Amino acid sequence: LTPKSMAGRRVLITAGPTREEIDPIRYISNYSSGKMGYAIAREARLRGAQVTLVTGPTALTLPCGIDVVPVNSAEEMRRAVLERLERTDVVIKAAAVADYRPKVRAAAKVKKGASELVLELEKNPDILAEVGAMKGDRVVVGFAAETHDLIANATKKLTGKNVDMIVANDVSQEGAGFNVDTNIAKLLLRDGTVEELPKMGKDELAGVILDRITTLAEAKGRA
Ligand code: PMT
């Protein structure tokens, strides 16, 4: 049995992709399946936490016993997270949020015509950076999905977004990242520590991430 090491903790997890609509039938998105975030949600629940899962569209079965908030776009995910931040102790952002969205969403289907079509994009808000800026004594954990310069890019996210830990995954490695059951992660902490983990199931990785979060929460007097 998993000890109820997170009993009473209010944990908000984001998972899955976001969809940024082009018109009523098309969108920009990514290959996130939600498996990583859902695994964390399930494990946090097993450990006794009060879990909220803000999820982009996925094909996964919703975990039992947790509060699920389905969203579509990055803007919807942002609103769902910020509205709940006040009553949250731990935020874990495993979602793959689209960095850009179409500047204009066409009200009707975009019809085929010209041989080239230019889609203008504008930046989405960075939810993790917003949460980091107002985190107070919450524990805030982000992910970094990289295909090169893993540690350098993840370190930038750790400090730039003011988070306590980054789970860095090199998504170009086989058995890591998007839409697989395993992951290969490095955990980066503010004190410069980098913990290299071997390839493991996302369920097992979820447990390691939550162990480290429990330690971080204890250090902040939030455990
Ligand atoms: O869902 P799976 O198929 O299981 O795949 C898991 C995963 C690869 C999606 C997961 O392990 C992962 O790496 N998630 C983060 C993906 C990502 O968007 O990384 P990023 O490096 O672009 O973003 C860094 C962090 O900022 C992330 O915590 C992200 O949630 C957050 N972010 C990014 C952009 C944005 N506009 N707002 C954000 O909050």
Looking at Thr193, is it closer than 22 Å to Ile13 by Cα, out of contact with any Lys or Arg (no Cβ under 9 Å at 6 or more places or on another chain) and more than 8 Å from the ligand (Cβ to nearest atom)? no
I'd like the residue in segment 89-133 that is of a type in the set (A, V, I, L, M, F, W, C) and free of Cβ contacts under 8 Å to residues at least 12 places away in the same chain and, out of all such residues, is farthest from Ala145 (Cα to Cα). Ala114
Quick one: which residue in Lys93, Lys103, Lys109 is under 30 Å from Glu204 (Cβ atoms), among the charged types (D, E, K, R) and either more than 10 Å from the ligand (Cβ to nearest atom) or surrounded by 23 or more Cβ atoms within 10 Å (Cβ to Cβ) (or both)? Lys93
Right, Glu130: over 22 Å from Thr58 (Cβ atoms), more than 9 Å from the ligand (Cβ to nearest atom), of a type outside the set (Lys, Arg) and out of contact with any Ser or Thr (no Cβ under 9 Å at 6 or more places or on another chain) or not? no
Filter result for the condition that a residue is more than 14 Å from the chain's Cα centre (by Cα), near the ligand (Cβ under 10 Å from one of its atoms), farther than 26 Å from Gly8 by Cβ and modelled with pLDDT of 95 or more, over Lys123, Lys186, Lys199, Lys161: Lys123
Consider Asn153 carefully, then state whether it is within 13 Å of the ligand (Cβ to nearest atom) and in contact (Cβ under 8 Å) with a residue 24 or more places away in the chain. no
Please work out which residue is nearest to the ligand (Cβ to nearest atom), limiting yourself to segment 35-54 and to residues that are buried (at least 24 other Cβ atoms within 10 Å of the Cβ) and not in a helix (DSSP H, G or I). Val54
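The values are calculated or read from the model by the stated rules, or taken from the named source; none is laboratory data. Everything quoted here is computed from the prediction, not taken from an experiment. FYI the Cβ positions are ideal-geometry reconstructions off the backbone, even for glycines, and counts take in every protein chain you see.
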